[in-house]
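Student: Mind having a look at this structure? Questions to follow.
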Amino acid sequence: MGYGIRIKCNTCNYEEMFFMGVGGLFGLVYEKTVKAVRSGKYGAEWQQFFKEHPGAAILCEERLYQCPKCNHLQTNLDLALYLNKDENPPKYHWAHWCDKNHDYEFVKSYVHKCPKCNARMRKINDYRKKTFKCPECGSNIPCPEDGIDWD
């Protein structure tokens, strides 16, 4: 399931659409992400974790992040690490909310860095309860009232 929201500032007219979640291509996104992790694209710690734990899994859903320093907004893959307690790898692709056959536990969140100022980005867990800071002028932007869903 995927969803999108439009963030619009009434002060400076900043406006951007953000698409989050995951759609029908989730299996391909998962495989591509695991391959990137194993190659070291997301750092030595994630690469080593997948090497040492056959039951490793990674959350490959797009999430919204905002920089607390410069207010930059962007989507990124979540990339949180999970581990299947029985150490069996997930079959095909994996999402913690749909695998009822195994007991996965959260291990660690990935630290996303702001591409503009290099500060640690903060994940927006529930955009419907969030007031955003405008990336352009710093004004408060109320949470979006509606959005779009797909898949």
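The values are calculated or read from the model by the stated rules, or taken from the named source; none is laboratory data. Values in this document were obtained by computation on a predicted structure and should not be read as measured data. Note: ideal-geometry Cβ built from the backbone for every residue, glycine included; neighbour counts use all protein chains shown. Areas reflect the complete protein model, heavy atoms only, side chains present, ligands, DNA and RNA absent. Shrake-Rupley method; radii C 1.70, N 1.55, O 1.52, S 1.80 Å.
Student: Report, in listed order, any pair from K69/K108; K32/K108; K41/K123; K51/K130; K8/K69 with a Cα-Cα distance greater than 31 Å.
Tutor: Where the Cα-Cα span goes over 31 Å, the pairs concerned are K51/K130.
Student: Given only helices, namely DSSP H runs of n ≥ 4 each adding -39500 (n - 2.57), what is the per-residue ellipticity at 222 nm of the chain, to the nearest 500 deg cm²/dmol?
Tutor: It lands at -4500 deg cm²/dmol.
Student: Say each of C70 and M1 gets a label point 7 Å from the Cα, pointing the same way as Cα to Cβ; how far apart are those two points in nm?
Tutor: 3.4
Student: Shifting gears a bit: Using just the alpha carbons, could you tell me how many Å³ per residue the convex hull of the stretch 1-73 encloses?
Tutor: 116
Student: Just from the alpha-carbon atoms, what are the Rg and Dmax of the chain in angstroms?
Tutor: Calculated on Cα positions, Rg and Dmax stand at 16.9, 53 Å.
Student: Dipole of the chain (Lys/Arg Cβ +1, Asp/Glu Cβ -1, origin at the Cα centre): which of Y3, A56, Q66 lies farthest to the positive side?
Tutor: Q66
Student: Residues of the chain: accessible area per residue at 1.4 Å, in Å²?
Tutor: Heavy-atom accessible area per residue stands at 60 Å².
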